[in-house]
Amino acid sequence: MNLFKNGVLAPAGLAASGLAASSLLLAAPARAHHVMEILDLQATPLNGLLSGLAHPVIGPDHLVFLLALSLVGLRARTGWMLGLLAVGLLGTALGLVLPGLPGAELLVALTLALLALVVLGRLPVPVLVPAMALHGYVLSTSVLGWSAMPVGTYLLGLLLSQGTLLALSLVVLQKAVASLRPGLRRVLAALLVGVSAAGSLAALMA
């Protein structure tokens, strides 16, 4: 498989390298979920905003899920982007109202395997909607017990961060990976399954 063209990493190679790098993040021993945990900050509006902006990026399973959406041939990409963004935020709001879903982290890891099946055409695209809601739900666990203002700025940060990642995936990257050969799609789908297995193991050991 030639991932280089004229000495430059081709779109297929770029996609493969990006997903491989993301999978390596799952092997990191630290599973801190947001900036507040890492820097031991107080729950202020500004810190809530920073946490919301960073949370989807430093959560490897969530980052891989969002970027790997570029492998799914979604039509009306802007509509899907806005819809998934809304569903994710609704999932976060639900998590704030009804927290404590058993095995939520494990289920999130398994959504990567589900996404692989969508990439391979074994599952219908609409299953991505509840998967995104589940990701949003898990993103709420970090701010349980916060006062209203920091939670509000956290949600604003999530809106901006997830919106940017979804736009990158569905509007920019999807154009780059649209010409991937079926064999390479199978390789990338297998990589998603591997990332899902690593995340599931990490969730079980946590």
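The values are calculated or read from the model by the stated rules, or taken from the named source; none is laboratory data. In this text, all values refer to a predicted model and were calculated from it rather than measured experimentally. Backbone-built Cβ (ideal geometry, glycine too); neighbour counts: all protein chains shown. Areas reflect the complete protein model, heavy atoms only, side chains present, ligands, DNA and RNA absent. Shrake-Rupley method; radii C 1.70, N 1.55, O 1.52, S 1.80 Å.
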Could you give the length gained on full extension between Leu94 and Leu160, defined as 0.36 nm per residue of separation minus the Cα-Cα distance, in nm? 21.9 nm
Extending each Cα 7 Å along its Cβ direction at Arg186 and Thr44, get the distance between those two points in nm, one decimal. 5.5
When the accessible area of segment 69-206 is computed with all protein chains present and a 1.4 Å probe, what percentage of it is carbon and sulfur? 74
Using DSSP to call loops (not H, G, I, E or B), can you name the trypsin sites (Lys or Arg not before Pro) in segment 98-206 whose Cβ has at most 14 other Cβ atoms within 10 angstrom? Arg122
Please work out the average accessible area per residue across segment 69-206, using the 1.4 Å probe convention, and give it in Å². 46
Centroid-to-centroid separation of segment 150-166 and segment 99-127 [C-alpha atoms, Å]: 22
Which of rounded, prolate or oblate describes segment 76-206 when judged by the alpha-carbon gyration tensor and an a/c cut-off of 1.5? oblate
